[in-house]
Structures are given as C-alpha cells and as structure tokens.
1. Where does the chain land at 222 nm, in deg cm²/dmol rounded to the nearest 500, when only DSSP H runs of n ≥ 4 count, each adding -39500 (n - 2.57), divided by all residues?
2. Where does each of Glu121, Glu132, Glu64 land when they are ranked from fewest to most other beta-carbon atoms within 10 angstrom?
3. Please arrange Lys2, Lys75 by how many other C-beta atoms lie within 10 Å of their C-beta, fewest to most.
4. If you place +1 on the Cβ of every Lys and Arg, -1 on the Cβ of every Asp and Glu, and leave all else neutral, what size is the dipole of the chain about its Cα centre, to the nearest 20 Debye?
5. Here are a few candidate values for Rg and Dmax of the Cα atoms in Å: (i) 16.4, 52; (ii) 15.5, 52; (iii) 15.9, 47. Which one was actually calculated from the structure I just gave you?
6. What's the exposure ranking of Leu69, Leu180, Leu36, Leu113, going from fewest to most Cβ atoms within 10 Å?
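Values in this text are rule-based calculations from the coordinates and carry no lab data. The model shown is predicted, which means the values in this text are computed figures rather than measured ones. Every residue, glycine as well, gets a Cβ built from its backbone with ideal geometry; the counts of neighbours run over all protein chains shown.
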Amino acid sequence: MKFHVHTPDSAPAGAREILGTIARSYGFVPNLAAVLAESPATLNGLLGFMSAYDAKEMTLSPVERQVVLLAVSAKNGCEYCAAAHGMLASKNGLDRAEVVNLQQGRPLRDAKLETLRRFAEMIAGTRGRASEADLEAFFTAGFSRAQVFEVIFGVALKTLTNYANHIARPPVNEQFAAFLPSWGDAA
C-alpha cells in the first residue's frame, strides 16, 4: 500500500499548519513528516517528542544523542533514519568515517561513544532488558543514571520513526541522500 507524501496544501486540516512550520524551520519538509501528516495527532506528538529530546535539559551531548539515534536506526534497518541522522551527526561534528561505522554497526574509535553505541543497540535489541554488566560498563564509561533514561528515550523515538518508515516507505529527501547507508533495504 502506498502512503501519500503530503505537502502543506494536501495534508489533512490538522497537519497543514504543522507542515508549514516544519518547512519554514528546516527549509524543506522531511518526507517522514509529510507521510505522518496523515495523522495530525501523531505528527504533532512526534514533534513534541523530538523537541523534548533536543531540550537543553538533556545531559547527553548533541553528538551523543545522534550516536543513539543513528545506532538504533541502523539496528532497526531504517534506511531513511540512518541517512537523516547520518547528516545530523555529521552536522554536529561526527566525522564521515564514524557515521559510516555507526550505519554499519561497527565499533567507533572513541571509547565512550563506542560504549554508548553498544548500549543503545543493546537497549533496542533486548527491549530494555539491561544486565548489571551492561549498566556497569555504561557507568564505567562515564555515563550517568539519568543518561540511561535518555538512551531509552532515544530508542523510543526511533521505534516510532523507524517503524513508520518501514510501513510508509517515504522516499529519502535529497538533503539526506549523501548519507544513505550502503546496506539499502538489506538491513
């Protein structure tokens, strides 16, 4: 079944203003948002979720948050989100080789970020069933108890967007295309 990639003009009434705001903020409407416009409540909820994940109260740095989001997107095999977060991770200072490592599920050079990558993948893969050893490794790397929950927050955010992308299959925006992972639909 094909899902419609809405514009601010074609979207249901409750989503038109939201898509217009997104277009003004980003300079374009990500196709995931354009598809989610089919459900204005879901689109609005996603934007609130994303805003909270980027809030100044978060203790994970912008790069660390992108590591979580990209690692989970790769683990879930979401090409769209892996490309989008590859671009965002790069904008936040992660070099291209490390973006590719994240997309491929390969170790990162930075030991702390590697611990974060492994922890995020483990949380996603075990549905949050972290062992004492998993938690100890996370804390030993310098992360806090609060950051355990911030990782879970990121996993929850990516569960929503990754699953929506798997079902709706929106085309990857040209703004993200340079960061498409090499695994395509095979992941």
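1. -20500 deg cm²/dmol
2. So the residues, fewest neighbours to most, are Glu132, Glu121, Glu64.
3. Lys2, Lys75
4. 80
5. (i)
6. Least crowded to most crowded, the residues run Leu180, Leu113, Leu69, Leu36.
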